[in-house]
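Data first, discussion second: the structure below is written as structure tokens.
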Number of protein chains: 2
Amino acid sequence: MTTDEQSLSTAGRPLTARGEKTRARLLDAAEHVFAELGYHEASIVKITEHAGIGLGTFYLYFETKQAIFEDLVLDLNQRVRRSMSEEMEGATTRIEAERAGFAGFFRFTAEHPALYRVVREAEFVSPPTLKLHYERIVEGYRQGLARAQSDGDIDPRLDPHVAAWALMGVGELIGMRFLLWDRDVNGAPAALDDEVFDSMMRFIDNALGGRRTQGGDE
Amino acid sequence: MTTDEQSLSTAGRPLTARGEKTRARLLDAAEHVFAELGYHEASIVKITEHAGIGLGTFYLYFETKQAIFEDLVLDLNQRVRRSMSEEMEGATTRIEAERAGFAGFFRFTAEHPALYRVVREAEFVSPPTLKLHYERIVEGYRQGLARAQSDGDIDPRLDPHVAAWALMGVGELIGMRFLLWDRDVNGAPAALDDEVFDSMMRFIDNALGGRRTQGGDE
DNA sequence: AGTCAACCTGAAACATGATTCAGGTTGTGG
DNA sequence: CCACAACCTGAATCATGTTTCAGGTTGACT
């Protein structure tokens with residue numbers, strides 16, 4: 001359930017139950033520390049302290065600070081995607097699916113606001129890992145859009161690949177502005193305001209070009 | 001022409017012609033060094049070396065490493081916006097303006113790919129500066145969209161503020177994926193592929209909901 | 001009730017780099 | 001051609017933090 005796509009670093013060592021647990025502790029601590037302080041302010045000492053583990057132990061499980069960061073990003077990637085696909089399960093039309101997918105994305109972001117930050121920081125800490133993250137999300141999207149297109153569910157003139165990236169962009173900045181920034185003021189978990197969500201969905205609904213109006217091309 | 005909005009750091013000191021020149025040299029060097037290495041890999045020594053100036057001199061012009069970074073982001077912000085509004089000048093309809101604005105944005109990004117990176121890194125180095133950057137861009141957008149709305153040029157049901165952020169997101173991720181990543185392979189200046197651009201504009205055109213089809217509300 | 005992997009530990013080695021400071025240089029106005 | 005701002009300099013000071021290492025601890029198995 002976890003050993004699937006990972007395969008990026010994770011020093012290979014036997015790992016008995018005890019070891020497994022320690023490793024998990026470290027990853028969990030890293031999540032909190034990186035999220036709160038950012039990559040460069042975070043230190044191995046802080047991570048091991050948070051995990052309640054000796055400093056030296058860290059290097060039994062991860063080669064470097066960067067290695068644990070990369071593992072963390074991949075872990076988060078799986079979790080967001082799960083959150084999205086869970087929400088999308090029942091959807092029948094593409095627009096329904098889209099609405100559900102975004103709801104899942106925002107739910108995850110609202111629940112783990114700081115984690116969003118970790119992912120974005122990957123752009124500077126480990127670009128290849130960030131690419132992986134984005135590409136895995138986009139790929140699902142692209143397929144969904146292509147299928148919707150052959151079902152006549154959305155505008156056939158759109159390029160699914162381009163549209164998928166455009167949708168990611170919308171989600172990313174709307175999430176950043178209306179979930180994370182607004183949240184900073186108080187401390188509430190705060191879901192995305194309904195009006196904002198609806199307005200965004202109208203934008204997207206338009207963009208994908210619903211069923212009707214497939215008339216001429218100018 | 002430059003002293004307008006700046007006002008964020010820039011230690012206040014007399015500054016004769018000679019000093020002015022040195023300061024400009026430092027900012028220019030910072031641009032190159034930050035762009036190439038990122039904030040944390042960049043060092044004051046590297047910046048002063050690139051500028052051909054003594055290490056200590058740096059601190060006569062900037063309080064800290066962070067201060068020069070912030071000045072740089074604000075400077076870039078002005079330049080992108082100029083690039084966008086230059087391009088938008090002749091446009092009559094909102095869609096035309098949109099197309100031109102994006103063209104300007106991508107032109108700037110293509111010409112200064114590394115600078116894009118500096119701006120995005122501001123999210124981690126100086127969040128308030130990043131907010132300023134985004135908000136200055138969005139504000140122009142929002143006004144344009146609101147005006148277009150009262151002219152009946154775009155879907156009246158959209159919230160201009162939300163739509164503006166959505167558009168920013170589209171530009172940001174499309175630029176990142178199709179300009180910066182594709183570019184990395186070879187080294188060409190490479191403008192955004194026409195097909196990609198057109199496809200993105202179709203998406204946006206749809207999203208803003210052109211003149212026709214203003215029918216019912218469900 | 002001993003043995004041996006596997007696991008854990010934190011002080012110290014090493015590296016890096018921002019910032020300061022005591023003292024030099026430049027060039028302009030008189 | 002003197003004097004004094006304004007300007008410049010880079011070695012030394014501090015601070016921080018990753019990574020290593022020599023030596024303990026634990027617990028499953030016999």
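The values are calculated or read from the model by the stated rules, or taken from the named source; none is laboratory data. Everything numeric here is computed off the predicted structure, so don't read it as measured data. Positions of Cβ are generated from backbone atoms using ideal geometry, with glycine treated the same way; all protein chains shown enter the neighbour counts. Keep in mind that these areas ignore ligands, DNA and RNA; they rest on the heavy atoms of the full protein, side chains included. Shrake-Rupley method; radii C 1.70, N 1.55, O 1.52, S 1.80 Å.
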TODO: Could you look through the range B:18-28, keep only residues that are more than 8 Å from DNA strand D (Cβ to nearest atom) and without any contact (Cβ under 8 Å) to a residue 24 or more places away in the chain, and pick out the one that is most open to solvent (accessible area, probe 1.4 Å)?
DONE: B:28
Task: Residue list for the range B:138-176, restricted to those being away from chain A (no Cβ under 11 Å) and under 18 Å from residue B:82 (Cα atoms) - done: B:139, B:140, B:141, B:142, B:143, B:144
TODO: Among the residues of the range B:189-203, write down those that are touching a residue at least 24 places away in the same chain (Cβ under 8 Å) and either in contact with a Cys (Cβ under 6 Å, 6 or more places away or on another chain) or at the interface with another protein chain (Cβ under 7 Å from one of its Cβ atoms) (or both).
DONE: B:200, B:203
Open item on the list: For the range A:85-100, which positions are in contact (Cβ under 8 Å) with a residue 24 or more places away in the chain and either surrounded by fewer than 18 Cβ atoms within 10 Å (Cβ to Cβ) or within 16 Å of residue A:174 (Cα to Cα) (or both)?
Closed with: A:85, A:93, A:98, A:99
- [ ] Only one of these is surrounded by 18 or more Cβ atoms within 10 Å (Cβ to Cβ), in contact with a His (Cβ under 7 Å, 6 or more places away or on another chain) and not aromatic (Phe, Trp, Tyr): B:142, B:117. Name it.
- [x] B:142
Open item on the list: Against the conditions (1) away from DNA strand C (no atom under 16 Å from the Cβ); (2) more than 21 Å from residue B:179 (Cβ to Cβ), where does residue B:120 fall short? Just the number, please.
Closed with: (2)
Task: Count of the range B:31-79 residues which are within 14 Å of DNA strand D (Cβ to nearest atom), of a type in the set (Ser, Thr, Tyr) and assigned to a helix (DSSP H, G or I) - done: 4
Open item on the list: Among the residues in the range B:87-95, are any part of a helix (DSSP H, G or I), away from DNA strand D (no atom under 14 Å from the Cβ) and more than 14 Å from chain A (Cβ to nearest Cβ)?
Closed with: yes
Open item on the list: I'd like to verify a number: residues in the range A:39-52 that are open to solvent by less than 30 Å² (accessible area, probe 1.4 Å) and away from chain B (no Cβ under 14 Å), how many?
Closed with: 4
TODO: Would you check which residues across the range B:146-164 are in contact with a Lys or Arg (Cβ under 7 Å, 6 or more places away or on another chain), open to solvent by less than 30 Å² (accessible area, probe 1.4 Å) and over 23 Å from residue B:180 (Cα atoms) and list them?
DONE: B:148, B:154, B:158, B:160
Task: Test for residue A:73: is it within 30 Å of residue A:209 (Cα to Cα), under 12 Å from the mean Cα position of the chain (by Cα) and away from DNA strand C (no atom under 16 Å from the Cβ) - done: no
- [ ] Identify the single condition in (1) within 16 Å of DNA strand C (Cβ to nearest atom); (2) of a type outside the set (A, V, I, L, M); (3) within 14 Å of another protein chain (Cβ to nearest Cβ); (4) open to solvent by less than 40 Å² (accessible area, probe 1.4 Å) that residue B:66 does not satisfy, given that it satisfies every other one.
- [x] (4)
